[in-house]
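Input: a single structure, listed below in structure tokens.
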């Protein structure tokens, strides 16, 4: 079941990284502009946020399983629509639908774990899910580049549709209903408003949630800027960039593995504090390296690695600690974290490209780490 939930959570990197190498050919085949094709990424991210905001609170009243089945089936259908889209307008709409349905899977995967485990057990499960899901950003760009030649960009979307079918089968056969009827909050706007009020008035939850969001903000700062920094500034080739990207993705997995091994001996809160401290320190040193030290590859690459490795100590622990504070409305809590996560990613993406240097990326990582630490120390200090 954990593998299925990890695959559901991996839809974002799979559905973004796999088709990025195909953007130029999509522009030509659809007879449109680069800007229009790039908007398919923005609409997908918007759909991810909307899907989480709707499905999370709704699942607190209706249960998880039916929504998971419906969302995953819709993800498969939207993948087919992307593959056969005759125009850029249809593709944009299909990507919005794909993001919406993918958001359902992401938010409910977190809620299912929160239903079944608490404390150290939840932190361990979320970290293991990150290890499994961490394979996606490693293999997705490599798969996309390998598939583009033989099957073209439409074939990549057929592969994504097939992955969604695998997810659907996994949900049908391996994921039971985890929210019993007696723990549901009923339907209607009053119940949704009550769940929302219960979540947003929990200061400790907000502290951990902001730590989670800004940890992801640091990660997305790296993801958005690293192609330009590594190739355009450090002067590495596209092939060498793929290696750097894969090594850094393995760094996240390494951090998650070490984190998982330490849970039970070290508390999730202490491990989270270590991860946030490492992120902020790496961001500070990276900012100094890119401003004072220039663009020394032997400084920048190791600091990028340590920055993303810190994420392995942040995401799983912050998720478990935040969800543990709102167990009576885990879907709503998961939804707000997910919407904030991808909303912040959408804000960060254009900012890290300002100025044509590596400095904005470094500063974004530093600011994200600083806000994450402040959220942890100030808002969640009573935990």
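What percent do you get for the relative contact order of segment 1-179 when only Cα pairs under 8 Å and 6+ apart count?
Relative contact order comes out at 42 percent.
Taking all pairs of different Cα atoms in segment 40-86, averaging 1/r and flipping that mean, what Kirkwood radius in angstroms comes out?
11.8 Å
Starting from a Cα-only point model with no solvent, please compute log10 I(q)/I(0) by Debye for segment 321-377 at q = 0.16, 0.30 1/Å.
With no solvent term, the Cα-only Debye profile gives -0.64, -1.14.
Over the chain, what is the mean sequence separation of C-alpha contacts under 8 Å (at least six apart), divided by residue count, expressed as relative contact order in percent?
Computed over the chain, the figure is 28 percent.
In deg cm²/dmol, rounded to 500, what helix-only [θ] at 222 nm does the chain give when every DSSP H run of at least 4 residues adds -39500 (n - 2.57) and the total is split over its residues?
Here the helix-only value at 222 nm equals -28000 deg cm²/dmol.
Give, in whole angstrom and from largest to smallest, the semi-axes √(5λ) of the equivalent ellipsoid of segment 176-304, with λ running over the eigenvalues of the Cα gyration tensor.
Three semi-axes, in Å: 38, 18, 16.
Which percent of Cα-Cα pairs in segment 203-383 sits in each 5 Å bin, short to long?
Going out from 0 Å in 5 Å bins, segment 203-383 shows 1, 9, 18, 21, 20, 14, 9, 5, 2, 1, 0 percent.
Ranking request for peptides 158-171, 66-79: highest mean number of other beta-carbon atoms within 10 Å first, then the rest in descending order.
66-79, 158-171
Bear in mind these aren't lab numbers, they're just calculated from the coordinates by the rules spelled out. All values derive from a computational prediction rather than experimental measurement. Cβ sites come from the backbone with ideal geometry, for glycine too, and all protein chains shown count toward neighbours.
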